[in-house]
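Some notes on the structure that comes next.
Rule-based calculations on the coordinates, nothing more; no lab input. None of the values given here were measured: they were computed from a predicted structure. Cβ sites come from the backbone with ideal geometry, for glycine too, and all protein chains shown count toward neighbours.
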Amino acid sequence: MEYDNVEVGQVQHFVMFWLKPQLTKTEIAAFANFFEALKPIKYIKTLNYGLAAATPVRPVTDNSFTYALTITFANLADHNAYQEDKTHLDAVEKFSNNWYRVVVHDIVISSMK
């Protein structure tokens, strides 16, 4: 989808992971190694991850996921190169047996003017 009024800029990549319910607490904690494996990828500007927060239940809040990841890329080209990066693909292959659902949202970051 393209919008004429959106400037080309940094891309924020949001990923939510629902890990399999049969995983132990130790296996869930070890899943953080997936995110750590991504850190050396040269296309990444920032990378943050964590477990779902136990925030108050509200109609607009979905804390049903286990982990979430946010990555910032300088531009769409870096985002696209990351998707094909061997380190990324290897990490997905190694850790994908831990999840049953993944949802991705990508945005072009608007700058304040």
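Taking the C-alpha atoms only, the angle from helix 86-95 to the longest principal axis of the chain is near 30 degrees. Residue exposure proxy: R58, R101, ordered by other Cβ atoms within 10 angstrom of their Cβ from fewest to most, comes out as R58, R101. Evaluated at q = 0.18, 0.22, 0.23 Å⁻¹, a Debye calculation over the C-alpha positions of the chain (equal weights, vacuum) places log10 I(q)/I(0) at -0.99, -1.28, -1.34.
For T24 and A81, the difference between the fully extended length at 0.36 nm per residue and the C-alpha to C-alpha distance is 17.2 nm.
Of all lysines in the structure, the ones whose alpha carbon falls short of 19 Å from that of K25, not counting any fewer than 8 places away in one chain, are K94. The magnitude of the dipole of the chain, with charges of +1 and -1 set on the Cβ of Lys/Arg and Asp/Glu and taken from the Cα centre, is near 440 debye. Here the Karplus relation 6.51 cos²θ - 1.76 cosθ + 1.60, evaluated at θ = phi - 60°, turns the backbone of segment 52-63 into coupling constants of 4, 7, 8, 6, x, 6, 9, x, 9, 9, 10, 9 Hz, with x for every Gly and Pro.
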